[in-house]
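What follows is a short report on a single structure.
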Amino acid sequence: MSDPASNTYEGFTAEERAAMKEHAQDQKKAARRSSRADREAQDLRDVLAKIAEMPKSDRIMAECVHAIITASAPVLAPKLWYGMPAYALDGKIVCHFQSAAKFKTRYATLGFSDQATLDEGTMWPVGFALTEVTAEVEARIAVLVKHAVS
């Protein structure tokens, strides 16, 4: 962040620094796990624990998003990414859920990485604001996730 008036860099926010620290801790934990099955089981437990820690409105949405993603694209493996629930294919993040509380924003976000095959011409959305997971939103997420791994 910079102050336009003084043109000085103020550094990362406390939330950004915390996310980077969480990512480093997650990487260290993953490196210590022995078998792939152990890593996947622990990754799932870590994601579920992170969701359980969220404030109620974020937690409800994260639980729904997690259920939709795991049902729609069972090839995606849950894992933490910068302290957020994420879903990977062959170790590479395809999508993630960012709670509103994570960076003190007014809405949660479902984001897709460049690994997601959502390509539509020369421009397409890769981030979606979430304020509630309705039946319509569930259906849209399911379609997006299926498309992302196709």
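Below is a table of values for the structure above.
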{"item": "Test: Ile51 is touching a helix residue (DSSP H, G or I) at 6+ places or on another chain (Cβ under 7 Å) and over 23 Å from Ala14 (Cβ atoms)", "result": "no"}
{"item": "Filter result (modelled with pLDDT under 75, among the small types (Gly, Ala, Ser) and surrounded by 10 or more Cβ atoms within 10 Å (Cβ to Cβ)) within the stretch 1-49", "result": "Ser2, Ala30"}
{"item": "Any hit, the stretch 52-63, residues being crowded, with 17+ Cβ neighbours inside 10 Å, among the hydrophobic types (A, V, I, L, M, F, W, C) and closer than 14 Å to Ala148 by Cβ", "result": "no"}
{"item": "Among the candidates Ala86, Ala67, residue that is touching a His at 6+ places or on another chain (Cβ under 8 Å), within 16 Å of Leu130 (Cα to Cα) and either modelled with pLDDT of 95 or more or surrounded by fewer than 17 Cβ atoms within 10 Å (Cβ to Cβ) (or both)", "result": "Ala86"}
{"item": "Test: residue in the stretch 13-28 that is over 14 Å from Gln98 (Cβ atoms) and in contact with a Leu (Cβ under 6 Å, 6 or more places away or on another chain)", "result": "yes"}
{"item": "Val75 being in contact (Cβ under 8 Å) with a residue 40 or more places away in the chain and loosely packed, with under 13 Cβ neighbours inside 10 Å", "result": "yes"}
{"item": "Total residues in the stretch 102-137, condition within 21 Å of Leu44 (Cα to Cα) and touching a residue at least 40 places away in the same chain (Cβ under 8 Å)", "result": "3"}
{"item": "Residue match in the stretch 60-68 (condition: of a type in the set (A, V, I, L, M, F, W, C), more than 14 Å from the chain's Cα centre (by Cα) and over 27 Å from Ile141 (Cβ atoms))", "result": "no"}
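The values are calculated or read from the model by the stated rules, or taken from the named source; none is laboratory data. Everything numeric here is computed off the predicted structure, so don't read it as measured data. Virtual Cβ from ideal backbone geometry, glycine too; neighbours counted across all protein chains shown.
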